[in-house]
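The values are calculated or read from the model by the stated rules, or taken from the named source; none is laboratory data. This is a predicted model, so every value here is computed, not measured. Don't worry about glycine lacking a Cβ; one is built from the backbone with ideal geometry, like all the others, and counts go over all protein chains shown. Note: areas computed on protein heavy atoms with side chains; ligands, DNA, RNA excluded. Shrake-Rupley method; radii C 1.70, N 1.55, O 1.52, S 1.80 Å.
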Amino acid sequence: MPFISRSVAAVRGLCQRRRLESELDEELRFHLAMEAEEQVRRGASRAEAERQAMLRLGGLESTKEAARSARGYRRLEALGQDVRFALRLLRRNRGYAAAVVTALALGIGANTAIFSVVRGVLLRELPYRQPDRLVVLHQYEALAIGEDQLFSVPDLEDLRRRNRSFSGLAEYHSMWFNLLGRAEPERVQTGVVSANFFDVLGTRPILGRTFAPEDDRPGAQPVLVLSYAYWQRSWGGDPAVLGKTLEMNDHPHRVIGVLPPVPQYPQDNDLWMPTSACPFRADPRAIAARRGRGYHVFGRLQPGTTLAQARRDLTAVGGTLYADYPADYPKGGYQIDATPLLTELTARARPTLLLLLATVLLVLLIVCANVANLQLARLASRGDEMSVRTALGAGRGRLLRQLITESLILALLGAGLGVGVAAALLKGLVAFAARFTARTGDIAIDGWVLAFTAVVAVVAGLLSGALPAVAASRGIAAALRAGGSGRPGAGSLRLRATLAGVQVALAFLLLVGAGLTLRSAWKLQAVDAGFNPDNVLALAIDLDWAHYRTLAQRRGFHRALLSRARALPGVATAAYTSSYPMDGVGRNTLGVRVEGRSGAYDDLPEAALRVGSPGFLTAMGIRLERGRGFEESDRDGAPQVAVLGHALARRLFGAEDPVGRRVQLGSSQPPDWFRVIGVISDVHDLGLDQDPGDAVWVPLDQNPALAGSLLLRSQRRPGALTGAARAIVHDIDPRQPVGRVQTLEAARSASLAAPRLTAILLSAFATLALVVTVIGLAGVVAFGVARRTREIGIRMALGARRGAILGGVLREGLAAVGVGLLVGGTAALLLAHIVARLLFGVPPTDPVTYLAVGALLAAVAALACLVPARRAATVQPSLALRSH
């Protein structure tokens, strides 16, 4: 390519400059000598011959310049001169250079940090084979799109037979099991998958192998594959784990492989087992139940098949299934859909990360405007220098190039420092992103991120340098034509005021976003959760089904556990529940029918079924609204009873008193009837930003659950009870592990962590924008005061009062603020929908937030303008007149 060839030749010429200059001198001397000899032969004297030879060549230096230009490295040489000159100037103005580099480092560093998260989570390909062909399948009731019904085993088998779009469909669900065979029993989350699961994903193990078809056949020896995180955490990365035999579900399981560190969806699992090894999935009743929908399905598109084609295919298959098995699918219709796996993995993180990226880009624009103002102020003091260079023949283009070179050097220095700022921020941002997605392992400052940083630096350098340079060069040229000094004047001041107004508008936009998210977080914090989390410790104790198969065995364990727990020193109340608020575990629902009322089961109100021991209300601090809670008399063999949540009681009975009425839970035949003995307040069980939902509680002794948590309300610091609680569990059953240990306050705080951290990040960036804006605004007013010192002195000498001078300067400074507030407010209203989905209890056009932000900006701007305005009001007329 000609351009590349010319560029390479130019660089080579610059590197070999001395040799080429020597050859050029020798060549020119040869031509001069030859021309002089010719003139001598024609009769000219030696001196006249040399003069004529010089004239014919057009001058030695001009000929050299023409030859250098032909070689193509003059532009590179001129650029080198500009760079060296810029570096000398910056060394002489270290304070200015430090201020600009620091401001740019903060703006560019924030962009680099956020972009590294965006790239790692949203842009980087998944670490699977041909990841763009991986999808997650969903099936919905046609009239309730958005409520995923999951799949049953017959659903999946029919999909495998009837579809024409997928090269493979794999099944997945996750369960907690007790793992034995080590020093301590361990509770592990286990992914239960079909044998082709890892083949569909395209994941190869780093040790051993994954599942083969024979591993998933009935009666096959149970095998396990370890996740990378679990292998590192519990086994220290020991490769000798391969071949180990561990006990789970009362059967030996052999470890056959270890996975690489890949993101997991929808849960992070410790272990993986084939479906044949799961006692619940391998149950013939689960295999045959078309309505037993509790399994996720992953698929790989066939080569040449698009997502749109696959969706049409799934729609056709869904229609056929609905026609073939009408009793097993929703009456309102049925639909199957497919979503790219990357979209599923990043769905929760995408809006927040894109909002943060937009925020830091706005911060960078504010920084660029501020740096441009600093450059305008500096150019005002370089008017004489620019005038001299112009008078000596420097064209406007050369001046522009010099000024932009200085700006680019500052931006590149800022980018270098900004990478360090980004590295310092990255660990915290990774922890933040982990609350939204499993893709945090791919977040890093890599070559693409550094390339992004370089591009941002160049753009920032051009934005902050080009506008001041153009304005200054025009002002100098106009002033010289008019016979002035070449100092920038009123036009420069207007430009600085405009840039300050832009900063105010952008700062208003960022502060509104931060204010809305802060108010949203405050509203969430203030929500009445329906329980009292203070001084309550929760220990997950899920019984091994293999050793607690009968209800009597489970009751024996629960009774022994509660008896010993209530005797622990410092325990005020002990209870056992199937779940506690905000434990991160999903809820199973069932239909609730009031005795004496008819209707199809599918049309009944649904409620989350929960199990609790006597004292569970006191342990969790839930208010009893009417009736009573569970008592020791509500045991096995006694009449079945239930406690309803407030919302469910209102839905079922309206204004009637439900206490004493009977309800059926589920669709068992003959029906089991539960007498309602109490109504309790609703609890925000799944999160403070979620509706409490309908709930019904039944006694533990009548319904002994396998999975649940021991709750200890302490009279002191709850964490101090952990060791004693573990000890009584192991005394009762040495094979029984204790799972997650957490205080209810920590669970409540964790539910607030994501919105709180989002608000903190937005507030931090908005605060940075506010500080930069205030500095820029104060600089504009100070520059105007310095420029008008003589004028102010004359006015004061003529009798102007200090208050008038002060007010005039403030009005000029606040004029840009007023325009910026108007523009920023309008932009915030237009863009309000962007932040709406991140808010809780606060409208995106909340007038309180807008007015508060406007008042804050106006007040801070007034203070920023006040300092230079007061300096103007204290100008001594005699000194001002004498200084000019």
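Condition check: open to solvent by 10 Å² or more (accessible area, probe 1.4 Å), assigned to a loop (DSSP other than H, G, I, E, B), modelled with pLDDT of 90 or more and under 30 Å from Ala434 (Cα atoms). Does Arg119 satisfy that? Can you show your working first?
Numbers: open to solvent by 10 Å² or more (accessible area, probe 1.4 Å): yes; assigned to a loop (DSSP other than H, G, I, E, B): no; modelled with pLDDT of 90 or more: yes; under 30 Å from Ala434 (Cα atoms): yes.
Against the criterion (open to solvent by 10 Å² or more (accessible area, probe 1.4 Å), assigned to a loop (DSSP other than H, G, I, E, B), modelled with pLDDT of 90 or more and under 30 Å from Ala434 (Cα atoms)), Arg119 does not qualify.
For segment 247-256, which positions are hydrophobic (A, V, I, L, M, F, W, C) and either open to solvent by 30 Å² or more (accessible area, probe 1.4 Å) or modelled with pLDDT of 95 or more (or both)?
Taking segment 247-256 first, the residues hydrophobic (A, V, I, L, M, F, W, C) are 248, 255-256.
Within segment 247-256, Val255, Ile256 meet the criteria.
Considering only segment 296-406, give the helices (runs of 4 or more DSSP H) lying wholly within it that have at least 1 residues that are at pLDDT 85 or above and hydroxyl-bearing (Ser, Thr, Tyr).
Details: elements: 307-324, 341-346, 350-380, 383-391.
The qualifying helices (runs of 4 or more DSSP H) are 307-324, 341-346, 350-380.
Assuming Ala552 fulfils every condition listed in (1) part of a helix (DSSP H, G or I); (2) of a type in the set (A, V, I, L, M); (3) touching a residue at least 60 places away in the same chain (Cβ under 8 Å) apart from one, which condition is it?
All conditions pass for Ala552, except number (3).
Criterion first (in a loop (DSSP other than H, G, I, E, B), surrounded by 17 or more Cβ atoms within 10 Å (Cβ to Cβ) and touching a residue at least 24 places away in the same chain (Cβ under 8 Å)) does Pro205 satisfy it? Write out each step before concluding.
Working: in a loop (DSSP other than H, G, I, E, B): yes; surrounded by 17 or more Cβ atoms within 10 Å (Cβ to Cβ): yes; touching a residue at least 24 places away in the same chain (Cβ under 8 Å): yes.
Against the criterion (in a loop (DSSP other than H, G, I, E, B), surrounded by 17 or more Cβ atoms within 10 Å (Cβ to Cβ) and touching a residue at least 24 places away in the same chain (Cβ under 8 Å)), Pro205 qualifies.
Could you look through segment 540-563, keep only residues that are charged (D, E, K, R) and surrounded by fewer than 19 Cβ atoms within 10 Å (Cβ to Cβ), and pick out the one that is nearest to Glu632 (Cα to Cα)? Please lay out each step first, then the result.
First, the residues of segment 540-563 that are charged (D, E, K, R): 542, 544, 549, 554-555, 559.
Now restrict to residues that are surrounded by fewer than 19 Cβ atoms within 10 Å (Cβ to Cβ): 549, 555, 559.
Working: Arg549: 23, Arg555: 13, Arg559: 11 Å.
Of everything passing the filter in segment 540-563, Arg559 is nearest to Glu632 (Cα to Cα).
Among the residues of segment 240-267, write down those that are in a strand (DSSP E or B) and either within 18 Å of Thr437 (Cβ to Cβ) or of a type in the set (Lys, Arg) (or both).
Filtering segment 240-267 down to residues in a strand (DSSP E or B) leaves 245-248, 251-258.
Within segment 240-267, Arg254 is the sole residue that qualifies.
For segment 603-621, does any single residue satisfy the condition of being touching an Asp or Glu at 6+ places or on another chain (Cβ under 8 Å), open to solvent by 60 Å² or more (accessible area, probe 1.4 Å) and either of a type in the set (Ser, Thr, Tyr) or assigned to a loop (DSSP other than H, G, I, E, B) (or both)?
no
So which residues in segment 506-545 are touching a strand residue (DSSP E or B) at 6+ places or on another chain (Cβ under 8 Å) and either among the small types (Gly, Ala, Ser) or in a helix (DSSP H, G or I) (or both)?
Those that are touching a strand residue (DSSP E or B) at 6+ places or on another chain (Cβ under 8 Å) and either among the small types (Gly, Ala, Ser) or in a helix (DSSP H, G or I) (or both): Ala538, Ala540.
So which residues in segment 842-883 are of a type in the set (S, T, N, Q) and modelled with pLDDT of 80 or more?
Keep residues of segment 842-883 that are of a type in the set (S, T, N, Q), which gives 845, 849, 874, 876, 878, 883.
Those that are of a type in the set (S, T, N, Q) and modelled with pLDDT of 80 or more: Thr845, Thr849.
For segment 723-747, give me the residue count where each residue is assigned to a helix (DSSP H, G or I) and either surrounded by fewer than 20 Cβ atoms within 10 Å (Cβ to Cβ) or of a type in the set (Gly, Ala, Ser) (or both). Give the steps one after another, and end with the answer.
Narrowing segment 723-747 to residues assigned to a helix (DSSP H, G or I): 723-732, 744-747.
Then drop every residue that is not either surrounded by fewer than 20 Cβ atoms within 10 Å (Cβ to Cβ) or of a type in the set (Gly, Ala, Ser) (or both), which leaves 723-728, 730-732, 745-747.
So the count comes out to 12.
Restricting attention to segment 438-477, which residues are among the β-branched types (Val, Ile, Thr) and at pLDDT 80 or above? It would help to see each step written out before you state the result.
Step one: filter segment 438-477 for residues among the β-branched types (Val, Ile, Thr), giving 440, 443, 445, 449, 453, 455-456, 458-459, 470, 476.
Scanning segment 438-477 gives Thr440, Ile443, Ile445, Val449, Thr453, Val455, Val456, Val458, Val459.
Tell me, which residue of segment 257-276 that is hydrophobic (A, V, I, L, M, F, W, C) and either touching an Asp or Glu at 6+ places or on another chain (Cβ under 8 Å) or within 18 Å of Leu134 (Cβ to Cβ) (or both) is surrounded by the fewest Cβ atoms within 10 Å (Cβ to Cβ)? It would help to see each step written out before you state the result.
Residues of segment 257-276 hydrophobic (A, V, I, L, M, F, W, C): 258-259, 262, 271-273.
When the remaining residues are screened for being either touching an Asp or Glu at 6+ places or on another chain (Cβ under 8 Å) or within 18 Å of Leu134 (Cβ to Cβ) (or both), the result is 259, 262, 272.
Values: Leu259: 24, Val262: 19, Trp272: 25.
So the residue we want is Val262.
Between residues in segment 688-710 that are without any contact (Cβ under 8 Å) to a residue 40 or more places away in the chain and residues that are surrounded by 20 or more Cβ atoms within 10 Å (Cβ to Cβ) and of a type outside the set (Val, Ile, Thr), which pairs lie under 7 Å by C-beta distance while being six or more apart or on different chains?
Close Cβ pairs (under 7 Å, with a partner that is surrounded by 20 or more Cβ atoms within 10 Å (Cβ to Cβ) and of a type outside the set (Val, Ile, Thr)) amount to Gln690/His684.
Confirm whether Gly596 is farther than 27 Å from Ala649 by Cβ, among the small types (Gly, Ala, Ser) and open to solvent by 10 Å² or more (accessible area, probe 1.4 Å).
Numbers: farther than 27 Å from Ala649 by Cβ: no; among the small types (Gly, Ala, Ser): yes; open to solvent by 10 Å² or more (accessible area, probe 1.4 Å): yes.
It is false that Gly596 is farther than 27 Å from Ala649 by Cβ, among the small types (Gly, Ala, Ser) and open to solvent by 10 Å² or more (accessible area, probe 1.4 Å).
Between a residue in segment 810-827 that is within 19 Å of Leu863 (Cβ to Cβ) and any residue that is at pLDDT 90 or above and open to solvent by 60 Å² or more (accessible area, probe 1.4 Å), which pairs come within a Cβ distance under 8 Å, given they are 6 or more apart or on different chains?
Qualifying pairs under 8 Å: none.
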